[in-house]
Every structure is written in C-alpha cells, then in structure tokens.
1. Just to confirm my filter: which helices (runs of 4 or more DSSP H) fall fully inside the range 235-340 and include at least 1 residues that are modelled with pLDDT under 95 and surrounded by 15 or more Cβ atoms within 10 Å (Cβ to Cβ)?
2. Can you give me the number of residues within the range 54-79 that are over 24 Å from the mean Cα position of the chain (by Cα), polar (S, T, N, Q) and surrounded by 21 or more Cβ atoms within 10 Å (Cβ to Cβ)?
3. I'm trying to understand the selection: among the residues of the range 382-395, which are open to solvent by less than 30 Å² (accessible area, probe 1.4 Å), more than 15 Å from the ligand (Cβ to nearest atom) and within 22 Å of the chain's Cα centre (by Cα)?
4. Is it fair to say PRO456 is more than 18 Å from SER187 (Cβ to Cβ), under 23 Å from the mean Cα position of the chain (by Cα) and within 16 Å of the ligand (Cβ to nearest atom)?
5. State whether the residues of the range 504-517 include one that is assigned to a loop (DSSP other than H, G, I, E, B) and open to solvent by less than 20 Å² (accessible area, probe 1.4 Å).
6. Give me the residue from the range 350-375 that is open to solvent by 20 Å² or more (accessible area, probe 1.4 Å) and touching a residue at least 60 places away in the same chain (Cβ under 8 Å) and, out of that set, nearest to the ligand (Cβ to nearest atom).
7. Scanning for something within 16 Å of the ligand (Cβ to nearest atom), within 24 Å of PHE229 (Cα to Cα) and of a type in the set (S, T, N, Q), does the range 245-263 turn up at least one residue?
8. Got at least one residue in the range 203-225 being of a type in the set (S, T, N, Q), on the phi < 0 side of the Ramachandran plot and within 16 Å of the ligand (Cβ to nearest atom)?
Amino acid sequence: MMPAAPIMNTQETTLQSNANLYAVLASGFPADRQAIAIQTPERDYSWDDIDRSSARMANVLSSLGVAPGERIAVQVQKSPEALMLYLASLRAGLVYLPLNTAYHEAEVAYFLGDAEPAVVVCDSANQDWVQRIADQAGAAHVLTLDADGTGTLADAAVAQPGQFDIVARAPDDLAAILYTSGTTGRSKGAMLSHANLAANALTLKDYWGWRPDDVLLHMLPIFHIHGLFVASHGALLAGARMIWLPKLNVDQALHYLPECTMMMGVPTYYVRLLADPRFTREVCANMRLFISGSAPLLSETFRQFQQRSGMTILERYGMSETGMIASNPYDPALGDRIAGTVGPALPGESVRVVDDADQPVATGRTGHVQVRGPNVFAGYWRMPEKTREEFTTDGWFRTGDLGMLGGEGTPDHYLSIVGRSKDLIISGGYNVYPKEIELVIDAMPGVRESAVIGVPHADFGEAVVALVVPLPGATLDINGILAGLKPVLANFKLPKSIHTIDALPRNTMGKVQKNVLRQQYQGSLADRQ
Ligand code: AMP
C-alpha cells in the first residue's frame, strides 16, 4: 500500500483511531529524530533511520501484495535491520513470527507448515533449504537479510519511499506469534495482539521508570520475548538509546557498561559478568537498573552481585503467552527487591496461586500460578482445544509454573517461582522441552525409552541430561546417540550428559517420576563450566 501523502507517524490521530503497536511505540520517539537510537560497534542509527528504514521495508512487504493479518516468519541474525524488519511488519499489519537462529531445517519446517506464512525472511546462507521448505508450506516469498543488514530485502528496500502509512489495526488483531513448544512435543504458537503487547510495554515503562536519557545495553537475542518485546519495546517507547550487541560478550559489555544506565539479561549473563574481575563498582557508576528474567536467578548470584557492584538486580517473571507478569519494584517506595522472589503482580494484572481444583491456596503455600490481565494472549494458533484447557472458566491463564505468594518473611503480595509443572528445562535462558528430545532418542535403534531432565549447572543454570533405557539385549553407544541428535536439534537442546539406565522410575499411575531422576542426577553437573 502506497501512501497518498507522506505520513510521519502522526500519533495524535493514529493513537485514537489505530491500535497498531507501531503507533504506540513511535509515540515515544524523541522530537530530535537525528539523535542516536541504536548504537553498534560499527555504526549509529538515528530515530529517523529507524522510521525511514522500517517504512521502506513495510513498502517492500506491501508491494509483494501481502495483506494485513498474513504471517511473516523470520529467522535471521540479530542486527538493527532485523529490528527494523519487525517494526516494518507491525506497520504493514503483518503478524510477526520470530524463529530462533539455532533451529534446523526440520524444526523450521514445522513452524512454516503450522503458521503458513506468506513471507519468509532468512539468512542468505540458509536460502536453499529455507526456499525448499517455504515452497512446501506455500509461502509465496522468500527474502534474505544478513547480519550486516544486506540481502534481497535490503536490495528491494532501497528503491522504496521512506514513508509509509501505518496500517490500521484493531486492538485484538494479531501482532506476533511466538512458538513456545510444549510438553506434548508439538510446538504451540502463542497469539499476541497489538493491545496485549502495548499494554505490557506501557505498564513496564512506568513501573521501571524508563527515561529518555536511559541507555540500554541490549545483548539479548531478538527472536524471544525478552529481547524483542521487553527490552526493545521499553527503549523505543521511552525514546532511549540502545547499545546493540549481537550477543553476550563480556569484553564488550565491560567496554560499554560505563555509558549505560540499564541492562537486561538472563541469569547466565550476571554469572558471566561476576566471573570477570574487571566487573567492578566503577564499571556500574552510571547504571540505574539491572534486570534479570527468563529463568530463576540464584539468591547467591543476587547477593554476590550486590556486594561486587553495589547494585541490586531487579528480578521479574513472565512468559511468551503473557508478557511480563510480576516484577520486583524499581521504586523503593513500592517495596524492596527480594532475592528468590519475582515481586508483586504488575499494575493492571492479577496473579493467584491455586490448588489442582483452581482454588486459591494460603500464602506461603505452593500451588499453580495463574494470571489475568490485558497482557494475556489471545490463545494458541489453530489449537482451540489447547487454548480452552489452559484457561479456567473464569478467564485465568494457567502459566504451568508452580509458585508461592508470601512465605518466609516475604510480603504476602510477592510471588516466588518454585518450579514448573510443565517439564520445561531452561538452559542458558533458552527453553528446552524434554519431550522433543525424548521423541528423537526413543526412535533410535536399540532404545526402549528415555527421559530428559534438567539438572543444576554453574554456568547455564540448568543443563540437559538424558537417561536412556536400552531394549533387552541391546548395547547403546552414548556417542552414537549424541551424533544422532546433533543434525536434528539446535545445539542448546543437546544433552550435556547421557546415561544408560535399566528402567525409568514410575508412579502407580505409570507416569515417569522425573523428580526422582532430578534428585539422583542433581549434583552430576553442578560444577561444570
Ligand atoms: P518463555 O515463554 O520462553 O519466556 O518462558 C517462560 C518461562 O520461563 C516461565 O513460564 C517460567 O517457567 C520461566 N521464567 C521466566 N522468568 C522467570 C523467573 N524470574 N524465575 C523463574 N522462572 C522464570
């Protein structure tokens, strides 16, 4: 769609009539469009660059005839241009489907088959196999975008105008689908609307006190809610500068931290910073906030960090389906940041902890964490039954996490995450679903069955461990199992150790008792780096 006349993000009108998330984010861009919005070690990008480049890409997408509401699947390296592609997709009214760069062909083929995107954008190095599976999934267009911002998307964008009329979206129209996987082995696409994402971004802007003079150290991947939504939305909406690094690199982090005011990371990032003696109070002199999430932050890390830097990490909790749910306070008037807790429910959201019958349990007791609020997703893509199962009849979403309100000297409105009723393993901040690995191992010759668990690991938080039961008379080769997993699973999902055992422990209902296995193997990798 070509604009009749140039429109430069006229938020005064678009905000009232258009719930498009881009309009909400751009309302926070600063008046000085030449100011630096994104800084990389190679170059700076102004707010004007973000606006014009995303407009050019949006023009490319609509010139392909892709209609609002159609999906765009994106598996590319992190770059400022990749963020602009996300913004372009919002502007064009498309539904953005980010894919982990570690996914192999078989994994991506499932997502394309399920989401049926009209456009796929990939790294040029993967173009051959992506084209093949995109054809199979009926995706009409494959474009490339490389880490340096070049590729067929950039080539097509050059010729396009730098203005684009933001496509009108209703609050409930979808902005993104995040695939979260599941313990059943089948990945589920969490459908997030423009209103879901806007509500969470606006809440966090106030709660974390985002300011235009903030400088965010952005080292997270942008195929995940943490880096794409929580971090990027926060900085864009605040009109704050981002220092944009492709991934965690301690040398670079130490170089840039002195000019930063905020950093977001998974717990592994904080463990890695602490492991470097150059990480000191001086390095943090300008910092106002370190935020941790996506996996539990050990109390030990929290305390070590406080001692070394004089700063108290703010731990928050959320998930793809809901955005952020709870957060320790930024404003001391709202309470302390307490180690081992994720703080109170965010303003505008409600959290409860219930028993198996969905009845609230007493404070200090463990139960299932449920959440309600404008941030909670619309359901799982093309899985109405799964969606129904995950909501109570009165509209609470079952997070699958086990938690506790209050307890042990903690205020009653503070939530602690105790474990996961879903079998999820979080290794280095990435989610690993045991079932997916078990299915591959179980299909190998000589294997009777397997169980995959997470065990404590000093560096990754949790590491994947596989326990494999051989068929009677069969001898299993551990290296052979690993070699069989490597071509089909992303590296972060590969077991750090594999053991053969005679039988899996089961309860009377025949369910494998993974808690027993976790206990048995919990010390096996604790000291590994
Ligand atoms: P994802 O959808 O990839 O963001 O993963 C969401 C899951 O990560 C949640 O359901 C929790 O199990 C876990 N998680 C996120 N933040 C925390 C936290 N601060 N402490 C413990 N677990 C967390």
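The values are calculated or read from the model by the stated rules, or taken from the named source; none is laboratory data. The structure displayed is predicted, hence computed values, not measured ones. Neighbour counts run over all protein chains shown; Cβ positions are idealised from the backbone, glycine included. When the accessible area is computed, the model is the full protein with side chains, heavy atoms only, and any ligands, DNA or RNA have been set aside. Shrake-Rupley method; radii C 1.70, N 1.55, O 1.52, S 1.80 Å.
1. Values: elements: 250-256, 267-274, 299-309.
So the answer is 267-274, 299-309.
2. Qualifying residue count for the region: 2.
3. At the first step, the residues of the range 382-395 found to be open to solvent by less than 30 Å² (accessible area, probe 1.4 Å) are 383, 387, 390, 392.
Pick out the ones that are also more than 15 Å from the ligand (Cβ to nearest atom) and you get 383, 387, 392.
Of everything in the range 382-395, those that are open to solvent by less than 30 Å² (accessible area, probe 1.4 Å), more than 15 Å from the ligand (Cβ to nearest atom) and within 22 Å of the chain's Cα centre (by Cα) turn out to be MET383, THR387.
4. yes
5. Yes.
6. Checking each candidate, the answer is VAL351.
7. no
8. Looking for residues that are of a type in the set (S, T, N, Q), on the phi < 0 side of the Ramachandran plot and within 16 Å of the ligand (Cβ to nearest atom), one finds none in the range 203-225, hence no.
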